[in-house]
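Data block below; observations after.
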Amino acid sequence: MNSFNKFVGLTLFLGLFLACGNKPKTDYDYEAAAKAFAADESFYPILDEELEVYHALHAQGELQPVYTDQEDAISQLMKNKVWLAFTSRRLSDREMEGLKSRSFMPRIIPIAYDGLAIIVNNANKDTCITVKDFARILKGEVKNWKEIYPSSKLGEIDVVFDNPKSSTVTWCVDSILDGQPINSENIGAVKKSAEVIDWVEKHENALGIIGSNWLNDKHDTTNVTFKKNITVMKVSRMDSATVRNSWRPYQYYIYNGNYPLIRTIYALLNEPRNGEPSGFAHFCRLPKGQLIFLRAGLLPIQADMNVREVNVTKE
């Protein structure tokens, strides 16, 4: 995980390189690009559910996913290797202009909202954190649990991301650090989201950052139960985090804005025809596709939720 900072340091350079692109490319293999889409690996659970239903409704479908990091997904889109990419950021103005200059008509389609979860080991008794303290950890200003929680005996905070160039890292840099790079010796990255969960489960002092679509207990249709092998922290916008002012990334708290770490999932579409990539991107916005997001605990972009208050009394 020591190579994390080098990868993150290259992110902005790669983004500018891809935005400018190489020489204008007019030759491409449409049929090959039309059979796959690229997506940030953190969206694997939900996109696989979407794709399974899409294929069930379209028996002749051949679309296959390529799960990678966010910057590679956008790179494949810019190079016409795929016509569709799923990310947590929009195409930049330069990327849009680069595609339009080659006579394409790129589209940015928001499809759902996802909560970015902060997870810790079950042995960690401190389960509330402020956005401010989270930012201090990412900046390297705080390296020991005791600096935030004086009674903690867990020692150094071992921070782990899913991938150095993932949508998770990009979102934290843009939204938590105002564009400043993540720069701390105790912050590292594995390769996949599942490895973040595994790492946190095995290390008492660990703190992981992961998309909440990886955490829902599939046996709970109410979407109020997370995986039990780790603890999902409550996050607060206030200067001091308490149980009353902190929230977990449950669907309703994403809906009403209480949960502060919310990102948008985008379908970036650049297909010159209305083929399968276009069909799948638009399926994710249709009622059946939106219902899959809803049932998975994410917030559909066209959310129309019925909220009912329930009073529980003890006899």
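Working only within segment 140-175, note down all residues that are open to solvent by less than 10 Å² (accessible area, probe 1.4 Å) and under 19 Å from residue 40 (Cβ atoms).
Result: 160, 161, 162, 166, 167, 168, 169, 172.
Can you say whether residue 272 is open to solvent by 60 Å² or more (accessible area, probe 1.4 Å), within 25 Å of residue 55 (Cα to Cα) and in a loop (DSSP other than H, G, I, E, B), as far as the supplied structure shows?
Here the answer is yes, as residue 272 does meet what is asked.
When the residues of segment 77-94 are filtered to those that are over 15 Å from the mean Cα position of the chain (by Cα) and surrounded by fewer than 22 Cβ atoms within 10 Å (Cβ to Cβ), which remaining residue is nearest to residue 166 (Cα to Cα)?
92
What is the number of the single condition among (1) modelled with pLDDT of 90 or more; (2) over 18 Å from the mean Cα position of the chain (by Cα) that residue 184 does not meet?
(1)
Return the only residue of 108, 137 being open to solvent by 10 Å² or more (accessible area, probe 1.4 Å), not in a loop (DSSP other than H, G, I, E, B) and not basic (Lys, Arg).
Checking each option against the conditions leaves just 108.
Which ranges mark the strands (runs of 3 or more DSSP E) fully within segment 157-216 that have 3 or more residues being of a type in the set (A, V, I, L, M, F, W, C) and out of contact with any His (no Cβ under 8 Å at 6 or more places or on another chain)?
158-161, 206-211
Every residue in segment 239-261 that is open to solvent by 30 Å² or more (accessible area, probe 1.4 Å), assigned to a loop (DSSP other than H, G, I, E, B) and of a type in the set (Phe, Trp, Tyr), please.
Selection gives 250 alone.
The values are calculated or read from the model by the stated rules, or taken from the named source; none is laboratory data. Remember, it's a predicted structure, so these values are computed and weren't measured experimentally. Glycine gets a Cβ as well: all are built from the backbone with ideal geometry, and neighbour counts include every protein chain shown. Side chains included, ligands, DNA and RNA excluded: accessible areas come from the protein's heavy atoms. Shrake-Rupley method; radii C 1.70, N 1.55, O 1.52, S 1.80 Å.
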